[in-house]
Structures are given as C-alpha cells and as structure tokens.
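Below you'll find the structure, written out as structure tokens, and then a few comments.
The values are calculated or read from the model by the stated rules, or taken from the named source; none is laboratory data. Only a predicted model underlies this, so the values are computations on that prediction, with no experimental measurement involved. Counting neighbours? That spans all protein chains shown, and the Cβs are built from the backbone with ideal geometry, glycine included. Ligands, DNA and RNA are excluded from the accessible area calculation, which covers all protein heavy atoms including side chains. Shrake-Rupley method; radii C 1.70, N 1.55, O 1.52, S 1.80 Å.
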Amino acid sequence: MNIQRGDVLKARFPHASGERGKKRPVVVVQADNYNRRLRHAVVAEVTGNLEGKGDPACLFVDSSTPEAQAAGLTRDCLISGYLLTLMSEDRLQERIGRLSAETISKLDMCLKAALGLG
C-alpha cells in the first residue's frame, strides 16, 4: 500500500449507525511498517463538528494556518482520536495533503488519551 502515517486522504467514512456515510478527509494513523504490507489501514476521522474542541482526544486544526493548508484541510476541523476505523485500500482515495511531524506528535497525544494509553 502506498500510503504513509500522517497522510490526509479522502474516504467514504462509515456513519456510526451503519448507514453509508459521507466522503470526508481521514488521517492515516497506522504505523508505516503495516502500511507497506497490509491492504488496509487504521484511519482517524476529520470532522467539521467542533463540539469536541478542547477534548484531549481531539486535535483542533485551524484552517488559516500553513499547517492546515499543507494537509489539504480547508476549514476549521477536528481530527478525532476516538473515531477510528479500519479501511481497505480501495476505500482510501485521493491524497489531499500530509500532516507535519509536529502535528503527528500532537495527534499521538490525542490517540493516547482516546485509547487510555497515557
């Protein structure tokens, strides 16, 4: 699979009710050694719903920053450390950007909070 941890991709993210969900950005959070050998990846949902802003498991991204622009995120959003899913590579579509190493480190803290690893 030709994706890397921190890639921001478009994907049809399933709705929690099991209904078809909508196409939205997702961030690859799976380790690169698995990305190279598996045909699926663990991804985090990117949402425009800012209700979780301030939650330690959510990373706020300000769309006016160069960081957001490099990631392809055009509006204020949250990357959710608790809305994770396993997606097959055929559902992971176009790459729209990439998170910086600094932002990936911040996202790691959110994942630790969400998964109780901290």
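Once fully extended, how much extra length lies between ARG20 and ARG39, figured as 0.36 nm per residue of separation less the alpha-carbon to alpha-carbon distance?
Working: separation 19, 0.36 × 19 = 6.84 nm, distance 2.12 nm.
Going from the current span to full extension adds 4.7 nm.
Residue ranking by accessible heavy-atom surface, 1.4 Å probe, largest first, among SER100, SER17 comes out as SER17, SER100. Here LYS53 is the anchor, and the lysines within straight C-alpha reach of less than 18 Å, apart from those fewer than 8 places off in the same chain, are LYS106, LYS112.
Taking a straight line from the alpha carbon of LYS22, these aspartates and glutamates sit under 13 Å away, with near neighbours fewer than eight places off in the same chain left out: GLU45.
Enter the mean projected area of the convex hull around the alpha-carbon atoms of the stretch 49-110, in nm², rounded to one decimal.
4.6
Counting heavy atoms of the protein chains alone, ASP32 has an accessible area of about 50 Å² for a 1.4 Å probe. As a ratio to 2.2 N^0.38 Å, the alpha-carbon radius of gyration computed for the chain takes the value 0.97. Here is the list for the stretch 5-60: GluC sites (Glu not before Pro) lying in DSSP coil, each with at most 16 other C-beta atoms within 10 angstrom of its C-beta, are GLU19. Solvent exposure of the chain, expressed per residue, is 57 Å² of accessible area, with all protein chains present and a 1.4 angstrom probe.
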